[in-house]
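J.: My questions will all concern the structure given below.
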Amino acid sequence: MNNHTFKKNYIAIVQGILDKKHNVINAPIARKENSIIERCVREDGDIAITEYYVIKEFNNMSLLYISLQTGRTHQIRVHMKHIGHTIIGDSLYGTNSKLINRQALHSCKVSFIHPLTKEHMNIEANLPNDILNLMQNR
């Protein structure tokens, strides 16, 4: 990801309505003190850059299209918490949800150069039913 030959894009549904409909979050991420799992934004962390676009807003939730420019552990989840809009159903960085039994986060597209053929590859995945249902049960 650092040399921009591998790109990942996500769809997420987050809590609330975002003031900025497009933003680039550039906030370093480090392991949270006394935790082997949780991460946090911290000045001494590794560079982490997340770009998002608001696609749709409904029922105090926002549907986002997210592009990662770096690939840190829990990057999207940490950055969304950092800006005050946790992912629906994210029990580690936000709260559980009665609307979905997991994080409303989906890797929708991966792009890369095939290591053998050097062909540019785009792999896309449709939204799963639980996220579609969350969007429809607004």
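The values are calculated or read from the model by the stated rules, or taken from the named source; none is laboratory data. The structure displayed is predicted, hence computed values, not measured ones. Positions of Cβ are backbone-derived with ideal geometry, glycine not excepted, and every protein chain shown enters the neighbour counts. Note: accessible area is taken over every heavy atom of the protein model, side chains too, but ligands, DNA and RNA are not part of it. Shrake-Rupley method; radii C 1.70, N 1.55, O 1.52, S 1.80 Å.
J.: If we count every other residue with Cβ under 12 angstrom of Thr50's Cβ, Lys/Arg +1 and Asp/Glu -1, where does the sum land?
T.: That works out to +3.
J.: Something else about it: Given Cα positions, please report Rg to Rh for the chain, the hydrodynamic radius being the Kirkwood one.
T.: 0.98
J.: Sum -39500 (n - 2.57) across every DSSP H segment of at least 4 residues in the chain, then divide by the residue count to get the 222 nm mean residue ellipticity, nearest 500.
T.: After summing the helix terms and dividing by the residues of the chain, the value is -3000 deg cm²/dmol.
J.: Which peptide among 115-128, 76-89, 40-53, 22-35 comes first, and what is the full order, when sorted by highest mean count of other Cβ atoms within 10 Å?
T.: Most protected by this proxy first, the peptides run 76-89, 40-53, 22-35, 115-128.
J.: Let me ask another. So what are the ³J(HN,Hα) numbers for the stretch 22-28, from phi and the Karplus equation (6.51, -1.76, 1.60; θ = phi - 60°), rounded to whole Hz, Gly and Pro as x?
T.: 9, 7, 10, 9, 10, 9, x
J.: Express the accessible area of the chain per residue in Å², computed with a 1.4 Å probe while the remaining protein chains stay in the model.
T.: 59
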